[in-house]
Amino acid sequence: MFDLFYPSDPAPLYPRPNVRHPGRPVLPPGELLPLIDENGIVYGQAPRSWCHGGSRALHPVVHLHIIDREGKVFLQRRSRNKRICPLMWDSSVGGHIAYGEQALEALFREAAEEIRLLEFNPSFLGTFVWESERERELVTIFAHVGHPELTVNEEELSGGRWWDFAEIEAAYGRGVLTPDFEKEFSLIKDTLKGLL
């Protein structure tokens, strides 16, 4: 299992003051995310918009892959309102770890928010760093085997459905799946099959 290590006092807020912007920064509204090193040591906290605004500060996220005994994987379709990869297909559940949370807390919160999944038994699969032009995320990956009743929260997502492995792999590189999902699925697909 992968946990974050928070300092005993609240971590400093980012962005830090500098010559161009002296004094305490004016923070935009929104959730604060922990800033971490690759070992999960929290050294700061920053607004989500700053983390995704090109700062390239490493921050943690959780992903859940739900696979049934027939080898089908539930994928969510991202909302059209998302700034990053709108209407593309992604892992069953995904979201940021808020400042003060641990990975499992964030995972259960996001599963409840996105697909109304309240009771499940997640298996920890590992971590990897996802990097794009906009962001750097430490992804903590979990899986759940089963075919639960799922209710897509239409305020969060634009849908969801079950995909088989061949269908997922046929969609690689076609702008259907998020780039981070393609990378992640290629890393874990054999492990997912091994859970069946």
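The values are calculated or read from the model by the stated rules, or taken from the named source; none is laboratory data. Here the structure is a predicted model, which is why all the values come from computation and not from measurement. In this analysis, Cβ positions are derived from the backbone assuming ideal geometry, glycine residues included, and neighbour counts consider all displayed protein chains. Areas reflect the complete protein model, heavy atoms only, side chains present, ligands, DNA and RNA absent. Shrake-Rupley method; radii C 1.70, N 1.55, O 1.52, S 1.80 Å.
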*Could you please let me know if R174 is in a loop (DSSP other than H, G, I, E, B), over 16 Å from A112 (Cα atoms) and open to solvent by 40 Å² or more (accessible area, probe 1.4 Å)?*
yes
*Does T140 meet the test of being within 26 Å of I41 (Cβ to Cβ) and either surrounded by fewer than 20 Cβ atoms within 10 Å (Cβ to Cβ) or modelled with pLDDT under 95 (or both)?*
no
*Please verify whether segment 171-193 includes one or more residues that are closer than 13 Å to S92 by Cβ and of a type in the set (S, T, Y).*
yes
*Go through segment 17-43 and give me each residue that's at negative phi and at pLDDT 90 or above.*
L32, L33, P34, L35, I36, D37, E38, N39, I41, V42, Y43
*For C85: the one exception among (1) at pLDDT 95 or above; (2) open to solvent by less than 60 Å² (accessible area, probe 1.4 Å); (3) on the phi > 0 side of the Ramachandran plot*: (1)
*Would you mind telling me which numbered condition in (1) surrounded by fewer than 20 Cβ atoms within 10 Å (Cβ to Cβ); (2) touching a Phe, Trp or Tyr at 6+ places or on another chain (Cβ under 9 Å); (3) not hydrophobic (A, V, I, L, M, F, W, C) D90 fails?*
(1)
_Residues of segment 101-133 satisfying the condition of being in contact with a helix residue (DSSP H, G or I) (Cβ under 8 Å, 6 or more places away or on another chain), more than 20 Å from L187 (Cβ to Cβ) and surrounded by fewer than 14 Cβ atoms within 10 Å (Cβ to Cβ)_ = L118, E133
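To keep it simple, each residue is scored yes or no on (1) open to solvent by less than 80 Å² (accessible area, probe 1.4 Å); (2) on the phi > 0 side of the Ramachandran plot; (3) modelled with pLDDT under 95; (4) not hydrophobic (A, V, I, L, M, F, W, C).
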| position | (1), (2), (3), (4) |
| --- | --- |
| F2 | yes, no, yes, no |
| R48 | no, no, yes, yes |
| L58 | yes, no, no, no |
| H63 | yes, no, no, yes |
| G94 | yes, no, no, yes |
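I'd like to know if segment 113-120 contains one or more residues that are under 29 Å from A11 (Cβ atoms), assigned to a strand (DSSP E or B) and in contact (Cβ under 8 Å) with a residue 40 or more places away in the chain.
No, every residue in segment 113-120 fails to be under 29 Å from A11 (Cβ atoms), assigned to a strand (DSSP E or B) and in contact (Cβ under 8 Å) with a residue 40 or more places away in the chain.
Right, Y14: at pLDDT 85 or above, open to solvent by 60 Å² or more (accessible area, probe 1.4 Å) and more than 17 Å from the chain's Cα centre (by Cα) or not?
When the stated conditions are applied, Y14 does not pass them.
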_Under 9 Å between Cβ atoms, which residue pairs at least 6 apart in sequence (or on different chains) link something in segment 152-168 that is in a strand (DSSP E or B) with a partner that is modelled with pLDDT under 95 and small (G, A, S)?_
L157/S79; S158/S79
